[in-house]
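Notes follow the structure.
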């Protein structure tokens with residue numbers, strides 16, 4: 001489903017910007033995402049939406065989705081199938097194999113399994129990935145750690161892995177001009193408040209309950225701190241209940257989904273991410289590119305981007321006390337905040353440019369088709 005997330009936005013950017021003289025693109029997705037209309041508006045793109053293709057596991061719908069995918073692929077006769085996400089990635093690769101597609105690529109925007117899952121559930125995901133690995137010609141990963149993780153879990157051989165960073169529009173975030181006073185006033189935030197921002201859908205992975213708890217702790221030590229969340233989703237009531245429980249309504253702002261994230265970042269002071277697992281968080285890249293120090297849990301891609309004491313701080317996942325202590329200390333030292341923010345901006349190099357991401361995928365596609373037809 002085309003949610004308003006990093007993986008989905010980058011996929012749409014890819015299909016919109018592939019060289020049209022070399023590639024004809026068909027996008028197949030579940031229906032009901034916030035980006036459906038955006039996909040349908042991309043010139044030259046054929047967008048196909050399958051009602052049976054959903055995030056949740058449902059045997060009857062999954063079989064229906066498998067059949068629809070198979071017939072769609074047989075009808076289109078693609079040279080390459082490139083899949084994304086866990087369940088759709090497995091269904092897509094199986095149907096691509098059954099339909100005789102010459103080349104199959106899968107991108108891991110972080111794995112569908114993690115150490116916080118029930119061991120039985122995690123094992124099912126790992127086994128499923130191992131089973132479809134032989135059907136996959138190349139795995140694209142967005143962090144080096146994901147290569148190690150895949151090999152550690154015996155998901156395909158090392159030669160199948162290719163590191164292609166999940167990119168962002170660097171210039172859009174490095175050179176933003178925003179009216180700090182007006183933008184903050186629109187959200188009921190004072191011009192001189194220390195604004196701590198996070199971004200993400202309200203779902204278990206993003207763990208926004210910890211963000212609210214962190215806000216409550218830090219506010220007791222920094223009464224000028226204000227906390228804002230860009231996003232929405234299934235856990236909204238749970239998060240609102242937690243805000244009420246810790247009496248944080250005055251200083252925790254739920255901004256909903258926004259299309260002016262670049263401007264909101266430009267008027268913020270620190271970025272926090274309390275996710276329990278990730279690939280390469282797009283929000284972290286955007287925040288660093290905007291010159292914000294990052295305080296986050298030490299997970300996956302965060303460990304590659306956030307350098308302790310140099311452009312931000314890390315704490316063990318779930319350790320709200322440690323994360324709060326590091327954030328509180330940073331908020332009390334504006335010179336350090338500015339220094340780490342400058343270092344954060346320098347961390348986001350051309351390697352993370354979204355158009356370079358597309359060119360690298362084009363190169364991989366050409367290599368695979370040349371190999372098949374050579």
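Where a number appears in this text, it was derived from the coordinates with a stated rule and is not lab data. These figures come from a predicted structure and were not determined experimentally. As a convention, Cβ positions derive from the backbone with ideal geometry for all residues, glycine included, and neighbour counts pool all protein chains shown.
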Looking at segment 9-35, which of its residues are assigned to a helix (DSSP H, G or I), out of contact with any strand residue (DSSP E or B) (no Cβ under 7 Å at 6 or more places or on another chain) and free of Cβ contacts under 8 Å to residues at least 60 places away in the same chain? 12, 16
Any residue that is without any contact (Cβ under 8 Å) to a residue 12 or more places away in the chain and under 30 Å from residue 112 (Cβ atoms) - is there at least one of those in segment 159-182? yes
Look at residue 87 and say whether it is assigned to a helix (DSSP H, G or I) and over 29 Å from residue 114 (Cβ atoms). no
Subset of segment 141-155 (residues that are touching a residue at least 12 places away in the same chain (Cβ under 8 Å) and in a helix (DSSP H, G or I)): 144, 145, 146, 147, 149, 150
Of all the residues that make up segment 211-223, how many are touching a helix residue (DSSP H, G or I) at 6+ places or on another chain (Cβ under 8 Å) and either surrounded by fewer than 22 Cβ atoms within 10 Å (Cβ to Cβ) or over 25 Å from residue 5 (Cβ atoms) (or both)? 5
Scan (1) surrounded by fewer than 19 Cβ atoms within 10 Å (Cβ to Cβ); (2) in contact (Cβ under 8 Å) with a residue 60 or more places away in the chain for the single condition residue 195 breaks and write down its number. (1)
Which fully enclosed helices (runs of 4 or more DSSP H) of segment 276-371 have 1 or more residues being touching a helix residue (DSSP H, G or I) at 6+ places or on another chain (Cβ under 9 Å) and surrounded by fewer than 19 Cβ atoms within 10 Å (Cβ to Cβ)? 300-305, 320-331, 334-347
Go through segment 156-190 and give me each residue that's more than 17 Å from the chain's Cα centre (by Cα), over 25 Å from residue 253 (Cβ atoms) and part of a loop (DSSP other than H, G, I, E, B). 156, 157, 175
